[in-house]
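Trainee: Next up is a structure, given as C-alpha cells.
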Amino acid sequence: MLNVLLPSTSRYMARQMKDPYCVLARTHSYRARSAFKLLEMDDKLKFLKPNKVILDIGCAPGSWSQVVVERCKLWPKEEGNSGYLIGVDLQHLLPIPGADIMGESDITSPEVHQKIRNKLNSRKVDIILSDMAHNPVGDTSIDNLRLIQLLRTVYRLFHPLDPASPPSIELASNGIFMCKLFDGQETQQFLNELRQRFSKIRILKPGASRESSSEIYIYCTNPANQDNQKRARNRTKSTEQPKH
Ligand SMILES: C[S@@+](CC[C@H](N)C(=O)[O-])C[C@H]1O[C@@H](n2cnc3c(N)ncnc32)[C@H](O)[C@@H]1O
C-alpha cells in the first residue's frame, strides 16, 4: 500500500534501512547519519577535546553537536571543563543537553552575529565547524558557487574584508575552521582564499560521505598571524572586488 501511495517515501525508507550509517545512527541515538562523518574526521585528526569553545554552523538536526558534546565532555560537564558549544541553524531544532542551540538563526545575519558575540562574552572560538548547506540543486557548478558564497560570509566573521574593522568572532591563535563544500570549478579559488588565512589545509572525504555526493570537507589550521592577516585581507580585497 505504502509503495502504491508513496513510492518515493518508501524507496527513501528502504534506502535508509539498507544504509549502514543510518542503522548505526539509530543505534547510537544520533539525529543524523552525518554524525559518522565528524566522528571519522575527529578519529583521524583528534581536534575535539574538553575546554574548547566551538561554533557549529548549520547544526540541524543536531548530530554534529551531539558528537561535539560527547567528545568534548560537555554533558554531563566535567568539573573544570571550560568548554562551550554554540549551534546555529536556520531551522528550529530540539534542545541538545550540553549545547547552546540557536535555532531559526541565519548565520549571515548581523543580529545573529551580535547574539553569538553576547553568548561568547569576549571568549575566542577554538573550532568553527560548518556542515552548513543549502538544498543542492544537483548542478555541480551552481551548488559549488552557492556554498562558497555562504562560506565566504562565514570566514569573513573571523577575517573581515576590511582590515581596519574588528572581527565579529575572534578565532583563537591556534583555531580551526572546518567546512563542508560541494566540490566544483570554483573550489581551487576558494582554497586559495583559505590559504591566505590558514597555513595548513587538508581535504577530507569521510567514508560516511556518499560517493555520489560532491561534498568534501576542508580542514584549516594555523591561522595567519595578525600582520599576515592584514596583508592577506588587502590582497584578497583587491582580487575579490569587481574590476571596472
Ligand atoms: C547537512 S545539514 C547539517 C547537518 C548537521 N551537521 C547534523 O549533523 O545534524 C545543513 C544545515 O545547514 C543549514 N543552513 C543552511 N544555510 C544556513 C544559514 N544561512 N544559516 C544557518 N544554517 C544554515 C540548513 O538549515 C541545514 O540544517
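Trainee: Just to be sure before I move on: is D43 surrounded by fewer than 20 Cβ atoms within 10 Å (Cβ to Cβ) and in a loop (DSSP other than H, G, I, E, B) in the structure I sent?
Mentor: Here the answer is no, as D43 does not meet what is asked.
Trainee: Within the set of pairs 6+ apart or on separate chains, which have a first residue in the range 178-192 that is in contact (Cβ under 8 Å) with a residue 24 or more places away in the chain and charged (D, E, K, R), a second that is assigned to a strand (DSSP E or B) and within 12 Å of the ligand (Cβ to nearest atom), and C-beta atoms under 8 Å apart?
Mentor: The qualifying pairs are K180/S130; K180/E215; K180/Y217; D183/E215.
For every residue, the table says whether it meets (1) at pLDDT 95 or above; (2) on the phi > 0 side of the Ramachandran plot; (3) surrounded by 20 or more Cβ atoms within 10 Å (Cβ to Cβ).
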position: P7; (1), (2), (3): no, no, no
position: K18; (1), (2), (3): no, no, no
position: L39; (1), (2), (3): yes, no, yes
position: D56; (1), (2), (3): yes, no, yes
position: E70; (1), (2), (3): yes, no, no
position: G87; (1), (2), (3): yes, no, yes
position: P95; (1), (2), (3): yes, no, no
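Trainee: Residues to consider are L93, L157, L151; find the one that is within 15 Å of the ligand (Cβ to nearest atom), more than 18 Å from Y217 (Cβ to Cβ) and in contact with a Ser or Thr (Cβ under 7 Å, 6 or more places away or on another chain).
Mentor: Checking each option against the conditions leaves just L157.
Trainee: May I ask you to list the residues in the range 203-213 that are within 16 Å of the chain's Cα centre (by Cα) and under 20 Å from Q149 (Cα atoms)?
Mentor: Of everything in the range 203-213, just one residue is within 16 Å of the chain's Cα centre (by Cα) and under 20 Å from Q149 (Cα atoms), namely I203.
Trainee: Condition first: assigned to a loop (DSSP other than H, G, I, E, B) and touching a Lys or Arg at 6+ places or on another chain (Cβ under 8 Å). Now tell me which residues in the range 109-136 satisfy that.
Mentor: Listed by number, the residues that qualify are D131, M132, A133, H134.
Trainee: Count, please, the residues in the range 137-146 that happen to be among the β-branched types (V, I, T) and in a loop (DSSP other than H, G, I, E, B).
Mentor: The total comes to 1.
Trainee: Residue under question is S82, and the condition is that it be polar (S, T, N, Q), touching a Pro at 6+ places or on another chain (Cβ under 9 Å) and in a loop (DSSP other than H, G, I, E, B); does it hold?
Mentor: Taking the combined requirement at face value, the residue satisfies it.
Trainee: Scanning the range 58-68 for residues that are within 6 Å of the ligand (Cβ to nearest atom) and in a helix (DSSP H, G or I), which turns out surrounded by the fewest Cβ atoms within 10 Å (Cβ to Cβ)?
Mentor: Of everything passing the filter in the range 58-68, S63 is surrounded by the fewest Cβ atoms within 10 Å (Cβ to Cβ).
The values are calculated or read from the model by the stated rules, or taken from the named source; none is laboratory data. Note that the structure is a prediction, hence the values are computed from the model and not measured. Heads up, the Cβs are rebuilt from the backbone with ideal geometry, glycines too, and the neighbour counts pull from every protein chain shown.
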